[in-house]
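Visitor: Submitted below is the structure of interest, expressed as structure tokens.
The values are calculated or read from the model by the stated rules, or taken from the named source; none is laboratory data. This is a predicted model, so every value here is computed, not measured. A quick note on method: Cβ atoms are made from the backbone with ideal geometry, for glycine too, and the neighbour counts reach across all protein chains shown. Please note that ligands, DNA and RNA were not included when accessible areas were found on the heavy atoms of the full protein model with its side chains. Shrake-Rupley method; radii C 1.70, N 1.55, O 1.52, S 1.80 Å.
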Amino acid sequence: MLSPGRTFTSLLLRPASRLPLWLGSEGRAASSQPKELIKKYVLEKDELRPLYMDFQATTPMDPRVLDAMLPFQVNYYGNPHSRTHAYGWESESAMETARKQVADLIGADPREIIFTSGATESNNMAIKGVARFYKAKKRHVITTQTEHKCVLDSCRVLESEGFSITYLPVMSNGLVDLELLEASIRPDTSLLSVMTINNEIGVHQPMKEIGQICRSKGVFLHTDAAQAVGKIPLDVTDCKIDLMSISGHKIYGPKGVGALYVRRRPRVRLEPLQNGGGQERGLRSGTVPTPLAVGLGAACSIAQQEMEYDHRRVSMLANRLVQKIMAELPDVIMNGDAEQRYPGCVNLSFAYVEGESLLMALKDVALSSGSACTSASLEPSYVLRAIGTDEDLAHSSIRFGIGRFTTEEEVDYTVAKCIHQVNRLREMSPLWEMVQEGIDLKSIKWTQH
């Protein structure tokens with residue numbers, strides 16, 4: 001806590017030897033350049049923050065969630081697993097209330113909810129846990145080529161352990177071919193993992209039909225529902241889902257918390273990834289962080305109350321964005337199925353424009369060219385390549401994320417800036433000039449020198 005009269009800037013301008021520990025060696029090395037430090041850690045007074053249009057990467061915490069969490073950060077700090085005094089009982093009661101709030105959102109029993117650190121851990125637990133538990137009789141797992149990287153990497157780990165993995169292709173609209181999916185199931189298939197809503201293109205897989213196929217074949221169904229929970233109605237019983245991964249920070253809750261739904265009837269067994277005190281039914285040892293669990297529960301409760309309103313409003317804003325851009329710019333392609341999708345995730349390819357160049361030109365709007373988990377790579381999105389997008393179009397894609405706190409003014413500003421910058425970048429592009437002259441670029445045989 002800063003004492004009165006002390007500012008964050010004055011803290012950063014202290015000599016290197018007296019810099020706070022949280023700045024680390026990076027801060028000490030840069031102490032001779034205080035302005036760079038200040039710019040790195042604090043926004044300058046006259047510098048405006050960019051508009052936030054990246055709701056698939058993360059969401060701002062709803063103030064009501066913070067209100068629910070604060071008492072458990074300050075006053076009710078007991079360990080929820082302490083059974084001998086009131087501090088533990090208070091925390092345990094709050095944790096169980098949160099567990100019920102998560103369960104109610106997806107139509108589950110509270111005893112089927114396991115708290116985790118987020119969807120990545122939940123995905124790892126579900127895929128590795130089920131495969132390893134049933135490995136004596138079943139050594140085959142199915143997933144799709146457009147899953148989140150943590151699902152694909154978990155499957156690669158299983159492959160290194162001798163499991164057989166089928167990576168199903170998707171159709172050009174991003175949806176799974178149900179006939180191909182059914183044909184891929186073998187007698188030794190233990191698990192199918194399919195994402196409910198894709199984090200890059202927003203495609204909504206037909207979970208009800210997939211669930212029926214899996215149940216009829218005796219295969220467990222896991223879904224990464226991080227982008228779906230709280231945004232569309234989901235019922236694990238209706239969809240016959242056996243395991244579901246949930247993330248707190250995708251639904252206006254805190255970062256660092258998530259949940260895994262594990263069905264009790266018919267019972268799903270999984271081998272735990274970490275061992276210890278046996279918390280969370282022995283599946284996830286470690287003290288449950290009560291404030292984070294309370295935050296996740298509050299976020300789920302708010303989402304359940306406001307889902308219909310949020311969905312209607314997000315749909316309106318998404319339609320506004322897409323229609324205005326499409327009306328003003330030619331050669332713009334929407335990636336993924338136009339109908340079976342979550343409207344808040346809009347992935348557009350702007351032909352003859354490099355996506356990274358457009359992102360830099362739109363620096364006052366926070367956007368993404370793909371998943372935040374792989375955005376450091378300059379490779380084209382593997383999701384777009386999986387749906388058959390040409391490499392040049394895959395490189396020209398931008399993901400617009402619209403959420404609960406997005407305003408019409410923000411959408412209109414983003415549209416205006418986007419149209420202006422795409423036109424400017426196309427004017428600089430020789431490819432665009434050739435297309436305007438009627439030259440078919442695919443007919444040209446390019447040579448390297």
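Visitor: Could you grab the pairs with beta carbons closer than 7 Å, sequence gap of 6+ or different chains, first residue in the range 178-194 and under 26 Å from Thr120 (Cβ atoms) and surrounded by 15 or more Cβ atoms within 10 Å (Cβ to Cβ), second one aromatic (Phe, Trp, Tyr) and at pLDDT 95 or above?
Guide: Qualifying pairs under 7 Å: Ser190/Tyr134; Ser190/Phe220; Leu191/Phe220.
Visitor: Related question: Scanning for something modelled with pLDDT of 95 or more and either in contact with a Pro (Cβ under 7 Å, 6 or more places away or on another chain) or farther than 23 Å from His249 by Cβ (or both), does the range 108-124 turn up at least one residue?
Guide: Scanning the range 108-124, I find at least one residue that is modelled with pLDDT of 95 or more and either in contact with a Pro (Cβ under 7 Å, 6 or more places away or on another chain) or farther than 23 Å from His249 by Cβ (or both), so the answer is yes.
Visitor: Find the residue count for the range 393-415, including only residues that are open to solvent by 20 Å² or more (accessible area, probe 1.4 Å) and either more than 19 Å from Val314 (Cα to Cα) or in contact with a Cys (Cβ under 8 Å, 6 or more places away or on another chain) (or both).
Guide: Matching residues across the range 393-415 total 2.
Here is a yes/no grid of residues against (1) of a type in the set (Val, Ile, Thr); (2) farther than 30 Å from Asp392 by Cβ; (3) open to solvent by 10 Å² or more (accessible area, probe 1.4 Å):
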| site | (1), (2), (3) |
| --- | --- |
| Gln279 | no, yes, yes |
| Pro289 | no, yes, yes |
| Val294 | yes, yes, yes |
| Tyr309 | no, yes, yes |
| Asn319 | no, no, yes |
| Pro330 | no, no, yes |
| Glu354 | no, no, yes |
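Visitor: Take Val257 and tell me if it is within 12 Å of Val102 (Cβ to Cβ) and not aromatic (Phe, Trp, Tyr).
Guide: yes
Visitor: Same structure again: Considering every residue within the range 258-280, establish whether at least one is more than 20 Å from Leu105 (Cα to Cα) and in a helix (DSSP H, G or I).
Guide: No; the residues of the range 258-280 include none that is more than 20 Å from Leu105 (Cα to Cα) and in a helix (DSSP H, G or I).
Visitor: If you don't mind, there's one more thing I want to ask. Which residues, counting only those in the range 58-76, are under 14 Å from the mean Cα position of the chain (by Cα) and surrounded by fewer than 19 Cβ atoms within 10 Å (Cβ to Cβ)?
Guide: Scanning the range 58-76 gives Thr58, Pro60.
Visitor: Would you please name the residue that is modelled with the lowest pLDDT, looking only at residues in the range 369-392 that are open to solvent by 70 Å² or more (accessible area, probe 1.4 Å) and more than 24 Å from Thr59 (Cα to Cα)?
Guide: Checking each candidate, the answer is Leu378.
Visitor: Continuing with the same structure: Does Lys250 satisfy the criteria of being over 23 Å from Val176 (Cα atoms), surrounded by fewer than 24 Cβ atoms within 10 Å (Cβ to Cβ) and touching a residue at least 24 places away in the same chain (Cβ under 8 Å)?
Guide: Here the answer is no, as Lys250 does not meet what is asked.
Visitor: So Gly202 ticks every box in (1) closer than 27 Å to Gly403 by Cα; (2) open to solvent by 10 Å² or more (accessible area, probe 1.4 Å); (3) in contact with a strand residue (DSSP E or B) (Cβ under 6 Å, 6 or more places away or on another chain) but one. Which box is left unticked?
Guide: Status for Gly202: all satisfied but (2).
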